[in-house]
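S.K.: Can you keep this structure in mind? I'll have questions shortly.
The values are calculated or read from the model by the stated rules, or taken from the named source; none is laboratory data. Computed from a prediction, not measured in an experiment: that's the story for all the values here. Every residue, glycine as well, gets a Cβ built from its backbone with ideal geometry; the counts of neighbours run over all protein chains shown. Ligands, DNA and RNA are stripped out before the accessible areas are found, and what is left, the full protein with its side chains, is counted by its heavy atoms. Shrake-Rupley method; radii C 1.70, N 1.55, O 1.52, S 1.80 Å.
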Amino acid sequence: MINTLVKPKRLYQEVGLKLYEELRQGQYKVGDRLPPERDIAEQLGVSRTLLREALIMLELMEIVEVRKGSGIYLLKQPTNIKSSDKFEESLDNDDVGPFEMMQARQLLESHVAEFAATQATKKDIIKMRDALELEKQNIDTADQNHAADKLFHLAIAEATQNSVLVDLVENLWERRENSPMWKQLHSHITDQAYRKKWLVDHENILLAIQQKKPDIARMAMWRHLENVKDTLMLLSEHQDPNFDGYLFSTNPVQLPCS
């Protein structure tokens, strides 16, 4: 029976709590490799993305270690939750899971791009082009902050001429930049080639907005953020690289109709 003083705020925290309790039963010793993510997800009855977020949480607590190309290993034997200040702290924070955050961005920003295509001025288009140019210049650098990426998405929000939408998009970016969960996910990603794919996505979004085609702009942004989700999941994979990946087949969000 799970007994903790702090109630989980996020779904990944609930899953992390269940996994923590299972590990505390002593079935695994320090240094043991845990079952593959697929098996753990099936056992707990949760999606792969949700489990990945729960594992990131346990990584930050230094309970497990995720080794790329190898698997998940027990780093430290969990203690009683009520005596674990670190676990209480993990449940008490307001950090959002990276894939849940991406899902929220996909729902919001696809419609922001759609609206921007009806409102954008010449000045807005120039601002988006400048952001893309900066992105091209930085594409082969070690810029992990993705400043140009942020500038492009904010420029689209600003093109709606709606300050509330700008605030919403900016808030999601700020949450990402201040998120330990997001940083931990990216610590497993070494291949930066995906940035060229995202640049093409951005060019398609800009073209649709420039041509004032709202439906195409919405779909282009939707596909872009779907690509981001799939790419992050695949590149942070810790199993065999030929594994079938973690496509979002269990993701409840459906592609919007044209």
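Results for (1) closer than 17 Å to Gln77 by Cβ; (2) open to solvent by 30 Å² or more (accessible area, probe 1.4 Å); (3) under 25 Å from the mean Cα position of the chain (by Cα), shown as yes or no for each residue.
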site: Lys29; (1), (2), (3): yes, yes, no
site: Pro36; (1), (2), (3): no, yes, yes
site: Glu53; (1), (2), (3): no, no, yes
site: Ile56; (1), (2), (3): no, no, yes
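S.K.: Find all pairs meeting these conditions: Cβ atoms under 7 angstrom apart; at least six residues apart or on different chains; first residue within region 163-175 and closer than 17 Å to Leu225 by Cα and open to solvent by 80 Å² or more (accessible area, probe 1.4 Å); second residue part of a helix (DSSP H, G or I) and polar (S, T, N, Q).
M.R.: none
S.K.: Looking at region 137-154, can you tell me whether even one residue there is in the same structural domain as Ile216 (by the TED database), farther than 29 Å from Ala193 by Cβ, of a type outside the set (Asp, Glu) and assigned to a helix (DSSP H, G or I)?
M.R.: Taking region 137-154 as the starting set, the residues that turn out to be in the same structural domain as Ile216 (by the TED database) are 137-154.
Okay, now just the ones that are also farther than 29 Å from Ala193 by Cβ, so none.
Looking for residues that are in the same structural domain as Ile216 (by the TED database), farther than 29 Å from Ala193 by Cβ, of a type outside the set (Asp, Glu) and assigned to a helix (DSSP H, G or I), one finds none in region 137-154, hence no.
S.K.: Just checking, which of Leu108, Leu134 is under 28 Å from Met181 (Cα atoms), within 15 Å of the chain's Cα centre (by Cα) and open to solvent by 20 Å² or more (accessible area, probe 1.4 Å)?
M.R.: None of the other options fit; the residue is Leu108.
S.K.: May I pose another question? Within region 176-216, can you find the residues that are crowded, with 17+ Cβ neighbours inside 10 Å and basic (Lys, Arg)?
M.R.: Matches in region 176-216: Arg176, Arg195.
S.K.: May I pose another question? Could you check, for region 144-159, whether at least one of its residues is among the acidic types (Asp, Glu) and modelled with pLDDT of 95 or more?
M.R.: yes
S.K.: Are there helices (runs of 4 or more DSSP H) fully within region 48-129 with at least 3 residues that are modelled with pLDDT under 90? List them. It would help to see each step written out before you state the result.
M.R.: Working: elements: 48-60, 85-92, 98-119.
Qualifying helices (runs of 4 or more DSSP H): 85-92.
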